[in-house]
1. Output the residue which, of all residues in segment 112-133 that are on the phi < 0 side of the Ramachandran plot and free of Cβ contacts under 8 Å to residues at least 12 places away in the same chain, is surrounded by the fewest Cβ atoms within 10 Å (Cβ to Cβ).
2. Restricting to segment 9-41, and then to whatever is more than 38 Å from the chain's Cα centre (by Cα) and assigned to a helix (DSSP H, G or I), can you tell me which residue is surrounded by the most Cβ atoms within 10 Å (Cβ to Cβ)?
3. Output the residues belonging to segment 114-161 that are basic (Lys, Arg), in a loop (DSSP other than H, G, I, E, B) and closer than 27 Å to residue 90 by Cα.
4. Of the residues 93, 88, 141, which single one is under 30 Å from residue 12 (Cβ atoms), among the basic types (Lys, Arg) and either out of contact with any Pro (no Cβ under 7 Å at 6 or more places or on another chain) or modelled with pLDDT under 85 (or both)?
5. For segment 140-177, which positions are among the hydrophobic types (A, V, I, L, M, F, W, C), out of contact with any helix residue (DSSP H, G or I) (no Cβ under 8 Å at 6 or more places or on another chain) and more than 11 Å from residue 125 (Cβ to Cβ)?
6. Pull up segment 49-66, narrow it to residues that are in a loop (DSSP other than H, G, I, E, B) and among the aliphatic types (A, V, I, L, M), then point me to the one that is farthest from residue 15 (Cα to Cα).
7. Please go through segment 140-177 and pick out each residue that is in contact (Cβ under 8 Å) with a residue 40 or more places away in the chain and loosely packed, with under 14 Cβ neighbours inside 10 Å.
8. Got at least one residue in segment 67-87 being assigned to a strand (DSSP E or B) and out of contact with any helix residue (DSSP H, G or I) (no Cβ under 6 Å at 6 or more places or on another chain)?
Amino acid sequence: MGAIPFVSTVKRTYINNYIRVSPVRVVDETGKQLGVMDLTKALQISRERNLDLVQVTDKVTPPVCKIIDQGKYLYQQGKKKKTTQIKKGGELKGIRLRFNISTHDMETRARQAEKFLKKGDKVRIDMVLRGREKALPDFAKEKIKQFLEILEKSTPLKIERELKREARGFTMIISKE
């Protein structure tokens, strides 16, 4: 049985003497078509202009080469790749509330949560209960409800995960609608 050939998924950019196809369609640095010509003539023109001959695409016959500075071309390709990347749903940020939190502190935490939501992040709200506080879950739920009401005045919310009782208290995850 023969060896399986290795197929690279990385697109390689061929520059100057590394271009192995002739003839090529040449485009100059301004975007003007110079036509189909022999590779040696295209390399000569690029050297006269103190620029590089970069193979832009090999999907057409003859392949398209552009007379441009190699660094500038690679920079443009990197920028284009970054803009086409899909932005993910954002990070999960945490806001921790206490059982006896004052309304002013709650408003401050709501402003912080609002900043996270505007950036596209999800927010996890934690209400930590200690000792005898665990005996008053309704009061804790009411505090979280107040926090959500304060936050909803400025930002429309979508509940990702409902209020859930855990060993140390309550948690819920929200995101921007």
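1. If we take residues in segment 112-133 being on the phi < 0 side of the Ramachandran plot and free of Cβ contacts under 8 Å to residues at least 12 places away in the same chain, then 132 is surrounded by the fewest Cβ atoms within 10 Å (Cβ to Cβ).
2. So the residue we want is 39.
3. So the first thing to find is which residues in segment 114-161 are basic (Lys, Arg), and the list is 115, 118-119, 122, 124, 130, 132, 134, 141, 143, 145, 153, 158, 161.
Subsequent filtering for residues that are in a loop (DSSP other than H, G, I, E, B) retains 119, 130, 153.
The answer is 119, 153.
4. On the way: 93 fails: under 30 Å from residue 12 (Cβ atoms); 141 fails: under 30 Å from residue 12 (Cβ atoms).
When all the criteria are applied, what remains is 88.
5. 167
6. Step one: list which residues in segment 49-66 are in a loop (DSSP other than H, G, I, E, B), which gives 49-51, 58-63.
After this cut, where a residue has to be among the aliphatic types (A, V, I, L, M) as well, the list is 51, 60.
Numbers: 51: 11, 60: 17 Å.
Taking the candidates together, the pick is 60.
7. 154, 168
8. Applying the first criterion (assigned to a strand (DSSP E or B)) to segment 67-87 yields 67-68.
Filter again for out of contact with any helix residue (DSSP H, G or I) (no Cβ under 6 Å at 6 or more places or on another chain), leaving 68.
Yes; the residues of segment 67-87 include at least one that is assigned to a strand (DSSP E or B) and out of contact with any helix residue (DSSP H, G or I) (no Cβ under 6 Å at 6 or more places or on another chain).
The values are calculated or read from the model by the stated rules, or taken from the named source; none is laboratory data. Please read these numbers as outputs of a predicted model, since none were measured by experiment. So basically every Cβ, Gly included, is an ideal-geometry build from the backbone, and we count neighbours across all protein chains shown.
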